[in-house]
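Below is one structure, written out as structure tokens, with a few remarks after it.
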Amino acid sequence: MQLTPSQTIGPFYWGTIVKAYRADLAPPGVAGERLSLVLTLHDAEGAVVPDGLLEIWQANSHGRYKHPDDRRNLALDPAFDGFGRASTFTDGSSTFSTVKPGRVPWPAGGMQAPHINVGIFARGLLNRVATRLYFDGDPANAEDPVLKMIDPARRPTLLAKKDAGSTWRLPIHLGGPNETVFFDV
Amino acid sequence: MTQDLYHRPDPGTHPANLSPEYKSTGGRAPRRPAIVLPQTLSEITGPLLDSEHVGDSENDLTKQRAGEPLGERIVVHGRVLDENGKAVPQAMVEIWQCNAAGRYHHPGDQHDAPLDPNFYGGGRVRADRDGCYQFITIKPGAYPWKNHHNAWRPAHIHFSLFGPAFATRLITQMYFPNDPLLAYDPIYNAVPAGARERLQAAFDMASTRPEWALAYRFDIVLRGRNATPVES
């Protein structure tokens, strides 16, 4: 069978998808280091993108994905799905409350550094754009096989930085001199 | 190098990110090639939305308000499959669309056409074990947009699908067969010829409901697994 091609989400998705809008991934009782993620979407000129949709997908604090293809014997948190989705606001940002993911293995051996998978949709994007968020300063980043694949000059585009308290911020640039590293998954 | 669990799309399937006829791609399409990532647990898992409760009537867009919406009532149905022809059971299918006059129930849509107080334009359904889904809705109108002089979007319904993995996520648009506006639409035509035709639903006489509604069939094919699964 032949794959169905992708099309843009367009600017008017608001009505439906918001029904499954999830900005708070970690209700009380979910284990792990709680944090707030602020992702801000920018276009090639640096202007904020106020009509985007951001999705995140992550392992729980034990490094386990809530999915049947993750068959490792690690704890699942019943209340933690690991999926978030939120529109960008007028300032281009989406905020998620979650926990820091644990490490997951690399197929050729070893472990990946803690990271969150990010999917980006917007008017003007004909395909979903995918990237990853890593945590700046995490010692595991030095041995992460994905970060090692990337030109060191561009690695900072994937590193969220912590500000006061437990808020981590990551600007995502769709283009321009600071274009974020995107992945073909 | 381990084998990918999910097929990589053939070139000629998806639109190029930078498609100059569609003006908004200019400032938003990434210019640098995406880095091809080996598929790890992060890519082969994904949200199944199994904790999401979908109400029985969320697939009927004509029953979401006090009265019935204006327009031509239609059935839109099909199957969610993967490239191997295997059903994607329990797939979440989300849709949204404008009303029969070509206006979205959205504060950003300022097209000079009436809103329909009886049409919200959003619905969702979970496919059954065979990947079958069905919506009842009204046929959306065409509407102008400012991409170029006298630009009109062909009638379309937006579809959002997750499939089994982060790697299978897809958002697309369903069009109606033989719409004369398709030839002029930069979004539809951004998809390579030979693939864009898959976005046209088929008129489905056998599924029409006599005295009640015409029917269209739209099968959706998501990325499938390679024959030999990867072990990690």
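Of (1) more than 10 Å from chain A (Cβ to nearest Cβ); (2) surrounded by fewer than 19 Cβ atoms within 10 Å (Cβ to Cβ); (3) of a type outside the set (S, T, N, Q); (4) in contact with an Asp or Glu (Cβ under 7 Å, 6 or more places away or on another chain), B:R65 satisfies all except one. Which? All conditions are met except number (4). When residues in segment B:112-147 are screened for being under 25 Å from A:R123 (Cα atoms), charged (D, E, K, R) and without any contact (Cβ under 8 Å) to a residue 40 or more places away in the chain, 2 of them pass. State yes or no: is A:R169 part of a strand (DSSP E or B), within 12 Å of another protein chain (Cβ to nearest Cβ) and within 15 Å of the chain's Cα centre (by Cα)? The answer is no for A:R169.
Per the conditions (1) surrounded by 15 or more Cβ atoms within 10 Å (Cβ to Cβ); (2) within 11 Å of another protein chain (Cβ to nearest Cβ); (3) touching a residue at least 12 places away in the same chain (Cβ under 8 Å), the sole criterion not satisfied by A:P107 is (3).
Within segment A:142-166, the residues that satisfy the criterion of being under 16 Å from the mean Cα position of the chain (by Cα) and either over 16 Å from A:N117 (Cβ atoms) or more than 14 Å from chain B (Cβ to nearest Cβ) (or both) are A:R155, A:P156, A:L159, A:A160, A:K161, A:K162. Residues in segment A:157-177 that are exposed (fewer than 14 other Cβ atoms within 10 Å of the Cβ) and within 23 Å of A:E45 (Cβ to Cβ): A:K161, A:P177.
With B:I220, B:I138 as the choices, which residue is crowded, with 22+ Cβ neighbours inside 10 Å, within 13 Å of chain A (Cβ to nearest Cβ) and among the aliphatic types (A, V, I, L, M)? One residue alone meets the criteria, B:I220. When the residues of segment B:186-211 are filtered to those that are away from every other protein chain (no Cβ under 14 Å) and in contact (Cβ under 8 Å) with a residue 24 or more places away in the chain, the one that is nearest to B:A151 (Cα to Cα) is B:F203.
From the list B:S19, B:S42, the lone residue that is out of contact with any Asp or Glu (no Cβ under 9 Å at 6 or more places or on another chain), in a loop (DSSP other than H, G, I, E, B) and facing chain A (nearest Cβ under 7 Å) is B:S19.
Conditions tested, residue by residue: (1) part of a loop (DSSP other than H, G, I, E, B); (2) in contact (Cβ under 8 Å) with a residue 40 or more places away in the chain; (3) of a type in the set (S, T, N, Q).
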site	(1), (2), (3)
A:L37	no, yes, no
A:L41	no, yes, no
A:H62	yes, yes, no
A:H67	yes, no, no
A:T95	no, yes, yes
A:G119	no, yes, no
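Hey, could you check segment B:157-185 for residues that are farther than 25 Å from B:D82 by Cβ and either within 10 Å of another protein chain (Cβ to nearest Cβ) or of a type in the set (A, V, I, L, M) (or both) and say which is nearest to the chain's Cα centre (by Cα)? Per the criteria, the residue is B:L182.
Among A:P68, A:P28, which is over 30 Å from B:K23 (Cβ atoms), out of contact with any Ser or Thr (no Cβ under 6 Å at 6 or more places or on another chain), within 9 Å of chain B (Cβ to nearest Cβ) and surrounded by fewer than 17 Cβ atoms within 10 Å (Cβ to Cβ)?
Working: A:P28 fails: within 9 Å of chain B (Cβ to nearest Cβ).
None of the other options fit; the residue is A:P68.
Checked against the criterion of being on the phi > 0 side of the Ramachandran plot and either at pLDDT 95 or above or more than 11 Å from every other protein chain (Cβ to nearest Cβ) (or both), the candidates A:G92, A:G102, A:G84 yield just one match: A:G92.
Would you confirm whether or not segment B:158-168 contains a residue that is farther than 30 Å from B:L5 by Cα and touching a helix residue (DSSP H, G or I) at 6+ places or on another chain (Cβ under 7 Å)? Give the derivation first.
Of all residues in segment B:158-168, those farther than 30 Å from B:L5 by Cα come to none.
No; the residues of segment B:158-168 include none that is farther than 30 Å from B:L5 by Cα and touching a helix residue (DSSP H, G or I) at 6+ places or on another chain (Cβ under 7 Å).
Please count how many residues of segment B:50-59 are more than 7 Å from every other protein chain (Cβ to nearest Cβ) and either surrounded by 15 or more Cβ atoms within 10 Å (Cβ to Cβ) or in contact with a Lys or Arg (Cβ under 8 Å, 6 or more places away or on another chain) (or both). I'd like the intermediate steps shown before the answer.
If we filter segment B:50-59 for residues that are more than 7 Å from every other protein chain (Cβ to nearest Cβ), which is where we start, we get B:50, B:53-59.
Those still in the list that are either surrounded by 15 or more Cβ atoms within 10 Å (Cβ to Cβ) or in contact with a Lys or Arg (Cβ under 8 Å, 6 or more places away or on another chain) (or both) too: B:54, B:57-59.
Going through segment B:50-59 one residue at a time, the tally reaches 4.
Of these, A:A47, A:A140, A:A122, A:A75, which one is touching a helix residue (DSSP H, G or I) at 6+ places or on another chain (Cβ under 7 Å), modelled with pLDDT of 95 or more and over 17 Å from B:A165 (Cβ atoms)? So that I can check it myself, show each step before the final result.
Details: A:A47 fails: touching a helix residue (DSSP H, G or I) at 6+ places or on another chain (Cβ under 7 Å); A:A140 fails: touching a helix residue (DSSP H, G or I) at 6+ places or on another chain (Cβ under 7 Å); A:A75 fails: touching a helix residue (DSSP H, G or I) at 6+ places or on another chain (Cβ under 7 Å).
Unique residue meeting the criteria: A:A122.
Against the definition (out of contact with any Pro (no Cβ under 9 Å at 6 or more places or on another chain) and surrounded by fewer than 20 Cβ atoms within 10 Å (Cβ to Cβ)), how does B:D109 come out, yes or no?
No; evaluated as a whole, the condition is false for this residue.
The values are calculated or read from the model by the stated rules, or taken from the named source; none is laboratory data. What you are looking at is a predicted structure, and each value in this text was computed from that prediction instead of being measured. Virtual Cβ from ideal backbone geometry, glycine too; neighbours counted across all protein chains shown.
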